[in-house]
Amino acid sequence: MRYTEYHCGKAVIKDKSKLSEAMEKLAKIEDMTGIPQICCDEYCKYPNQRLRQEELDEICTECELAPLFEMLIK
């Protein structure tokens, strides 16, 4: 379930009575700090292709999951 919507470019809670559930969901997301490493180490196909570090760095910066990982790490 999505608890937020955007008003004038700002994320706001759709239904204030759901604030507790929204905060619980946010806390779970904030606890996922290890997910980027797990995804990269366990599921990414590129590290196993014996690429040079420069090639791997370029692939990682173009990864569609990178914005999600950045939010989880911050």
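The values are calculated or read from the model by the stated rules, or taken from the named source; none is laboratory data. Values in this document were obtained by computation on a predicted structure and should not be read as measured data. Heads up, the Cβs are rebuilt from the backbone with ideal geometry, glycines too, and the neighbour counts pull from every protein chain shown. Remember, those area values only see protein heavy atoms, side chains included, never the ligands or the DNA or RNA. Shrake-Rupley method; radii C 1.70, N 1.55, O 1.52, S 1.80 Å.
Structure above, values below:
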quantity: In order through region 65-74: 3J(HN,Hα) via Karplus (6.51 cos²θ - 1.76 cosθ + 1.60), integer Hz, x for Gly, Pro; calculated: 8, 3, x, 5, 4, 4, 5, 5, 6, 5
quantity: Loop trypsin sites (Lys or Arg not before Pro), region 1-65 (other Cβ atoms within 10 Å of the site Cβ: 10 or fewer; DSSP); calculated: Arg2, Lys45, Arg50, Arg52
quantity: Accessible area of region 15-74 divided out per residue, in Å², using a probe of 1.4 angstrom; calculated: 89 Å²
quantity: Carbon and sulfur %, accessible surface of the chain computed with the full protein complex present, 1.4 Å; calculated: 55 percent
quantity: Residues with amide H under 5 Å from that of Thr4, placed H, sequence gap 5 or more; calculated: Lys14
quantity: Rounded to whole Hz, the Karplus (6.51, -1.76, 1.60) HN-Hα couplings of region 21-34, x for glycine and proline; calculated: 5, 5, 5, 5, 5, 4, 4, 5, 5, 5, 6, 8, 5, x
quantity: Where GluC sites (Glu not before Pro) fall in DSSP loop in region 18-74, at most 12 other Cβ within 10 Å; calculated: Glu62, Glu64
